[in-house]
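**Student:** Quick one: the structure is below, questions incoming.
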Amino acid sequence: MEPSSVTRDRLTEVEARERAERISNVSYALDLDLEAGAKVFHGDLVAAFDHSGGDTFMEWVGGVIDRFEINGAVLEPEWDGNRIALPARLLQRHNEIHISYERRYDKTGEGFHQFIDPEDGSEYIYTQFEPYSAHRLFPCFDQPDLKAVFRVSVTAPSDWAVVTAGPEIDRDELPDGRSRRVFAETVRFSTYLLAVCAGPFASVHDEHHGLPLGIYVRSSWLDYLDAEAIFSVTKAGMDYYADLFDEPYPFDKFDQLFVPEFNWGGMENVATVTYTDTVIFRDPPTEDQLTRRAEYLLHELAHMWFGDLVTMRWWSDLWLNESFASYAAYLALASDGGFPAIWQDFNFRMKLWAYAEDQLPTTHKIADEVPSTDETFLNFDGITYGKGASVLKQLVAAIGMESFRTGMQTYFRRHRFGNASLADFLAALQEGSGVDLVHWASRWLKAPSLNTIGAEWTAAGGRITDFRLHQTAPDDHPTLRPHYLEVVMIDEDGGARSMPVSFEGPVHVVDAALQTAAPVFVYPNFGDHAFAKVALDPVSVAWAKANLSKIADPLLRQQVWASLWEMVRDQAFSSLDYLQLIRTRLPEEQSLPIVQMVTATAGGAIRRYVPAGLIDGEAAAFVAAARGAVDSAGGDLKVLWARALVGLAGGPDEFPIAAALVDAPPEGVAIDQEMRWNVAVAAAALGAEGADHRLAAERERDKSDRGDRAMARAEAARPDPEIKAEVWDRLHNHGYDSLHLALAAAAGFWRRRQTDLTEPFVPGFFEGLPGLFGEWEPEAARGYFDSFFPHYRIEPSTREYIAGLLKRAE
C-alpha cells in the first residue's frame, strides 16, 4: 500500500498536546527483519494503547505498508505518506494496531542510517531519532510525552552484533545464516530515545557494580579503540552522577557505540548511546582531544538521568536536557581531578560559542516557544547548549552547590520515568534553595541576547575614589539581568585581589573597592561565573597588551584573550592589533586551551575582520609566527600550532611552508592524517605542482570514509569551471552516496581565490534556499546551509542577497 499523498513531515505542539490527552499506556512490540546488503528493511509492529476518544493519528514516513489491522480487522490505511489516520469510529478503550511494512534505509544520518565501510565492505546500520525521526523506523506516536514500553526483536546475520535498549534474552539460529534475537522488555521512555544498531561491530565488555558495560566500534577500527580509557571515564561518571542526583543509574545495561557518518557528537539513546566515531583516534590524540571525548561521554551519560529518566514534555524545554547535560558533564570532569583545565575548556567550547550565537539575528530565548518539530531543529545550538549551561553555572554560584543539588534530587524523585517542564524544574530548585527563581527565569531563560559589563573608576593619590560597574543590552533586546560575579584587580606590583558583586541595574557602585589601591588592570568576571561580554576599559587594554603573560591565573588570562576577541567583533579593538598581539604574545603561552582558543579566533579575524587587501599579508604573518612556535613549543603545543598553521596556509606563499611541515616534520611534531589531507586539499585548490601525486599518496595512506570525504572536498576545490559545474549539479540532485560526502564536497567548493570561477553560482545558491529547506530533510538542509554558504564573500552584495531572501520569505 502506497501513500495517497505526501504532506509536510512535522508535528505541532498543539497537535501533540491534543494527542497526549487522548492516548495513554502505550507499548510497542517491534520485530525487524534485516538482510545483509539489502537496500530496504522489513518490520512488523504491534502497537497497544488506551484511547479516551476523538480522532487521532500515528506517524510513519516513507516505505510501503503491507498489512494494516486495527483490533483484528484488516483495513486499508488512510495514509498520506507521513500520517496514518486513526478515526475514533475504529478505536476502542484499549487498542492493538498491527502493521507490516518495509522501507528504504536512510543516507542522511537521520532515521535508520546505512553505511558501507570502504576499507572492508562491512555494513553498519544505526538509528538517530532526535527530535522527530522514530517514525522512520516504525509507525508510532512520535512525541516525547507519550512514553512507551518497548519489546524489540531483530532478525539479522548471525555474525552481526545487534544492540538496543534492552539486553538480549533469547536467540534462535535460522537456516539462512541469520538469527532472530529477542530483547528484554524495557521501562517506559520516549520514542526518540530508542536505538537499534546492527552490523559486524567489534566489542569490548566490562561491568561496574554488577552493571553490564559494552563498547562497540566497526571491526576495521578495533586496533584504535582505547577501551580502558573510555570505561574509566564512564565508571567515574556513573559514580559521580549517582551521588549528585541521589539516584542510581536507572537502566539494566550501558552500551556505547561509536558509529560512522554520525551527525552529532553523541546521542543519549536509553542504555545504547551512539557517538561519532571520529573520537576513536587513529592518530595519537592531544590532551584537548581526550578532554573533548570525555565531555562527550559524560554529557550523554548525564542524559540517562536528565532527559531519559525524566524527559521534557515538549521541545520548548529542550534546554532542560541539553544545558543540564553540558553543565553536569563539566562538573563531573572537574570532580575527577584528571582535567585541571576543564573550566578553561568550558569557557572556550561553551561560552564563546554561546556568545557568538547570542549576538546573531537568530538569537532566541533559552526556554523558547517551539510551535512545531520544524523549529526544534533550529534550537540545537550554542544558546540551548552553551548559554544554558553557562546560566546554570552562574545560578549555582549564586545559590550554592548544596542548594542546587538538593533541588535536583527533589526533581528526580518527583518525576522519575515521567515528563516534566520548566515550571517543575524551577519549583524543585526553589524548594532546594529557598530563593525565588521566577524573576531569575524571566530574565535569563525567557529573554534573548546578552549583556555587556564594563568597569569605570577614578583614583586620587593612588586610591580608588569611585568604582562602578555598567551593564548594557542591545537596543533590540534591552533586558538587564541579575549578575553574580567577582571583580578582580591587579596592582602595579602584580598583586591581585577580588571581591564578589551582585547587581541588576544599569549602574552599580562597588563600595568595597573605595579607598583601595588604584589598579592597573580590572576584570569584572573573575572565575567566569557571569554570562556576559566584558568590555575592557582603556587602561586595562593598554596593560593587557604589554603584560598578558603576567596574569598568573590561566582561566583569567584566557578570559582576557576572549574579551579582546569580542572587542574585535564589536569594532572596539583593531583586528590588526589583535593579530599582532597573537604573533607576539601567544607563542610564549603554555596553556593548551588558550593556544587552541586564540589560534581559532585568529582564523576568524583574518577571514572576516581584516580589510580585504590585507588578508594575504596577515595570513602569511600568522603562518610565519606559527612555524616559529612549532619549533619553540613543547609537547601537544607543537601539534596545536601545526594544526593552526595548516588551517591558514591556503595561499601560494603559505602553502609551501605547510607542505614542508607535513612532508618533513620537525622532531617531536606528530603530523596527523587530517593535517595531511588539509595540505593535499590546499594543493588541489591552488592547482599546485604535484597536487595529484599528493592526493594519490594520501589516498593510499587513508582508504577509509575519511579519505572518501577528503577526496570529495579536494575535487570540489579544484580551479576548474567544468568540475565546479559538475559538483554543483551533484550537490543539488542528490548525486552523492551519503549526506556526509555531499557536505564534504560543499566544504571544498567556495574559495576566496576562485571568485571568478564561483561567482556565477552565487545567485543560484540564494535563490534555491527556500525550496531546498522546504523539500530536504531538516538535517540535510541545515548541513547544506552551514557547509555551502559562501562565507568568504564579505561584501555588500551578500547582504543584499540575504535581505532579498528574507523579504521573499515574509
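**Student:** In segment 213-372, what percentage of the DSSP-assigned beta bridges are antiparallel, given to the nearest 5? Please list the in-between numbers first.
**Tutor:** Numbers: 2 of 12 bridges.
The antiparallel fraction comes to roughly 15 percent.
**Student:** Magnitude of the Cβ-charge dipole of segment 756-807, K/R +1 and D/E -1, about the Cα centre, nearest 20 debye? Don't skip to the end; give the middle numbers.
**Tutor:** Working: 4 positive and 9 negative charges, 40 e Å.
Dipole of segment 756-807, to the nearest 20 debye: 200 debye.
**Student:** Mind checking the full-extension length gain between residue 18 and residue 93? Use 0.36 nm per residue of separation minus the Cα-Cα distance, one decimal, nm.
**Tutor:** On the way: separation 75, 0.36 × 75 = 27.00 nm, distance 1.68 nm.
25.3 nm is the gain from fully extending residue 18 to residue 93.
**Student:** OK, next. Which residues' amide hydrogens lie under 5 Å from the amide hydrogen of residue 161, considering only partners 5 or more residues apart or on another chain, with H built in the peptide plane?
**Tutor:** HN-HN under 5 Å from residue 161: 199, 201.
**Student:** Taking Cα pairs under 8 Å and at least six residues apart, what relative contact order does the chain come out at, in percent? Write down the numbers at each step before the final one.
**Tutor:** Details: 1473 pairs, mean separation 59.4, N = 810.
Computed value for the chain: 7 percent relative contact order.
**Student:** Right, here's the next one. Nothing charged except the Cβ atoms of Lys and Arg (+1) and of Asp and Glu (-1): what's the magnitude of the dipole of segment 644-789 about its Cα centre? Round to the nearest 20 debye. Don't skip to the answer; put the middle values down first.
**Tutor:** On the way: 15 positive and 26 negative charges, 26 e Å.
For this selection, approximately 120 debye.
**Student:** Does segment 283-416 come out rounded, prolate or oblate by the C-alpha gyration tensor, with a ≥ b ≥ c the root eigenvalues, rounded set by a/c under 1.5 and, if not, prolate when a/b is larger than b/c and oblate if not? Write out the running numbers ahead of the final one.
**Tutor:** Details: a/c = 1.57, a/b = 1.16, b/c = 1.36.
Because a/c hits 1.5 or more and a/b fails to exceed b/c, segment 283-416 counts as oblate.
**Student:** Can you work out the FRET efficiency for the pair residue 759 and residue 729, with r the C-beta to C-beta distance and R0 = 22 Å, to the nearest 0.05? Provide the component values of the computation, followed by the final result.
**Tutor:** Working: r = 17 Å, r/R0 = 0.79.
Given R0 = 22 Å and the Cβ-Cβ separation, E is 0.80.
**Student:** Please name which of 733, 359, 330 has its Cα lying farthest along the dipole of the chain towards the positive end, using unit charges on Cβ (Lys, Arg +1; Asp, Glu -1) and the Cα centre as origin.
**Tutor:** So the residue furthest toward the plus end is 359.
**Student:** Now for a different question. Would you mind getting me the FRET efficiency between residue 378 and residue 497? Use the beta-carbon distance for r and R0 = 45 Å, nearest 0.05.
**Tutor:** Working: r = 44 Å, r/R0 = 0.98.
FRET efficiency, residue 378 to residue 497: 0.55.
**Student:** Describe numerically, in nm with one decimal, the distance between label points set 7 Å from Cα along Cα→Cβ at residue 670 and at residue 202.
**Tutor:** 1.8 nm
**Student:** Here is a follow-up. Counting pairs of alpha carbon atoms under 8 Å apart in space and at least six apart in sequence, what relative contact order in percent does segment 422-474 give?
**Tutor:** On the way: 40 pairs, mean separation 14.1, N = 53.
The normalised contact order for segment 422-474 reaches 27 percent.
**Student:** If you average the sequence gap of Cα pairs under 8 Å that are 6 or more apart and divide by the length of segment 253-406, what percent do you get for the contact order? Don't skip to the answer; put the middle values down first.
**Tutor:** Values: 175 pairs, mean separation 30.2, N = 154.
Relative contact order of segment 253-406: 20 percent.
**Student:** Based on the mean of other Cβ atoms within 10 Å per residue, sort peptides 480-486, 299-305, 238-244, 35-41 so the most packed one is first. Don't skip to the answer; put the middle values down first.
**Tutor:** Values: 480-486: 19.3, 299-305: 25.4, 238-244: 17.7, 35-41: 14.3.
Ranking the peptides 480-486, 299-305, 238-244, 35-41 by packing returns 299-305, 480-486, 238-244, 35-41.
**Student:** About its Cα centre, how strong a charge dipole does the chain have in debye, to the nearest 20, once Lys and Arg get +1 and Asp and Glu get -1 at the Cβ? Before the final figure, lay out the partial values.
**Tutor:** Numbers: 74 positive and 122 negative charges, 324 e Å.
For this selection, approximately 1560 debye.
**Student:** Along the charge dipole of the chain, pointing to its positive end and built from +1/-1 on Cβ of Lys, Arg, Asp and Glu, which listed residue (803, 473, 521) has its Cα farthest out?
**Tutor:** 521
**Student:** In the chain, if the dipole is taken from +1 on Lys/Arg beta carbons and -1 on Asp/Glu beta carbons about the Cα centre, which of 62, 582, 126 is farthest to the positive end?
**Tutor:** 582
**Student:** Okay, next question. Using only Cα atoms, find the angle between the long axis of helix 636-648 and the longest principal axis of the chain, and express it within 0 to 90 degrees, rounded to the nearest 10.
**Tutor:** 80 degrees
**Student:** Pairwise over distinct Cα atoms, reciprocal of the mean inverse distance: report the Kirkwood radius of segment 645-743 in Å, one decimal place. Present the calculation step by step, with values, prior to reporting the outcome.
**Tutor:** Working: mean 1/r = 0.0709 Å⁻¹.
Hydrodynamic radius (Kirkwood, Cα pairs) of segment 645-743 is 14.1 Å.
**Student:** On to the next question. Give me the angle, in degrees from 0 to 90, between the Cα long axis of helix 287-303 and the longest principal axis of the Cα atoms of the chain, rounded to the nearest 10.
**Tutor:** So the inclination is approximately 50 degrees.
**Student:** Counting only other residues whose beta carbon sits under 14 Å from that of residue 482, what net charge do I get with K and R as +1, D and E as -1? Don't skip to the answer; put the middle values down first.
**Tutor:** Details: positive: 443, 446, 481; negative: 436, 504.
Residues near residue 482 contribute +1 overall.
**Student:** What do you get for the angle between helix 422-433 and the principal long axis of the chain? Use alpha-carbon atoms, 0 to 90 degrees, nearest ten.
**Tutor:** 60 degrees
**Student:** Just reorder 280, 116 by solvent-accessible area, largest first, 1.4 Å probe, all chains present. The partial results should precede the final answer.
**Tutor:** Numbers: 280 5, 116 80 Å².
If we order 280, 116 from most to least accessible, we get 116, 280.
**Student:** Strictly over 29 Å apart at the Cα level, which of 235/703; 703/724; 107/147; 39/253 would you flag in this model?
**Tutor:** Working: 235/703 34 Å; 703/724 24 Å; 107/147 27 Å; 39/253 31 Å.
Correct reply: 235/703; 39/253.
**Student:** Net charge near residue 507: determine it from the other residues with C-beta under 14 Å of the C-beta of residue 507, scoring Lys and Arg +1 and Asp and Glu -1. Don't jump to the answer; show the numbers that get you there.
**Tutor:** Numbers: positive: 468; negative: 456, 466, 504, 511.
Overall, the nearby charge balance is -3.
**Student:** Grab the other residues whose beta carbon is less than 13 angstrom from that of residue 98, score K and R as +1, D and E as -1, and report the net.
**Tutor:** Numbers: positive: 67; negative: 31, 44, 66, 69, 96.
Net charge in that neighbourhood comes out at -4.
**Student:** Kindly provide log₁₀ I(q)/I(0) values, in the same order as q = 0.04 Å⁻¹, from the Debye equation applied to equal alpha-carbon scatterers of the chain.
**Tutor:** -0.18
**Student:** Which far-off residues, 5 or more places away or on another chain, put their amide H under 5 Å from the one on residue 534, with H placed in the peptide plane?
**Tutor:** Residues meeting the criterion, in which the H sits 1.01 Å from N, are 453.
**Student:** If packing is taken as the average number of other Cβ atoms within 10 Å across a peptide's residues, how do 351-357, 82-88 rank, most packed first? Before the final figure, lay out each step's value.
**Tutor:** Numbers: 351-357: 20.0, 82-88: 17.7.
Ranked by mean Cβ neighbours within 10 Å, highest first: 351-357, 82-88.
**Student:** Could I ask something else about it? So if we plug the beta-carbon distance of residue 480 and residue 632 into 1/(1 + (r/R0)^6) with R0 = 51 Å, what FRET efficiency do we get, rounded to 0.05? Display every interim value, and only then the final one.
**Tutor:** Numbers: r = 46 Å, r/R0 = 0.90.
Step by step, r from the Cβ atoms, then E = 0.65.
**Student:** To continue, here is another question. Convert each backbone phi in segment 306-323 into a coupling constant with the Karplus relation 6.51 cos²θ - 1.76 cosθ + 1.60 (shift: θ = phi - 60°), then list the ³J(HN,Hα) values in order as whole Hz, x for Gly and Pro.
**Tutor:** Each residue of segment 306-323 in turn: 9, x, 9, 5, 10, 10, 4, 6, 8, 5, 5, 9, 3, 4, 4, 6, 7, 4 Hz.
**Student:** So, one more: How large is the helix-only mean residue ellipticity at 222 nm for the chain, computed as the sum of -39500 (n - 2.57) over DSSP H runs with n ≥ 4, divided by its residue count, in deg cm²/dmol to the nearest 500?
**Tutor:** Values: 27 runs with 322 residues, N = 810.
It lands at -12500 deg cm²/dmol.
The values are calculated or read from the model by the stated rules, or taken from the named source; none is laboratory data. All values reported here derive from a predicted model rather than from experimental measurement. Please note: Cβ atoms are built from the backbone with ideal geometry, for glycine as well, and neighbour counts cover all protein chains shown. Side chains included, ligands, DNA and RNA excluded: accessible areas come from the protein's heavy atoms. Shrake-Rupley method; radii C 1.70, N 1.55, O 1.52, S 1.80 Å.
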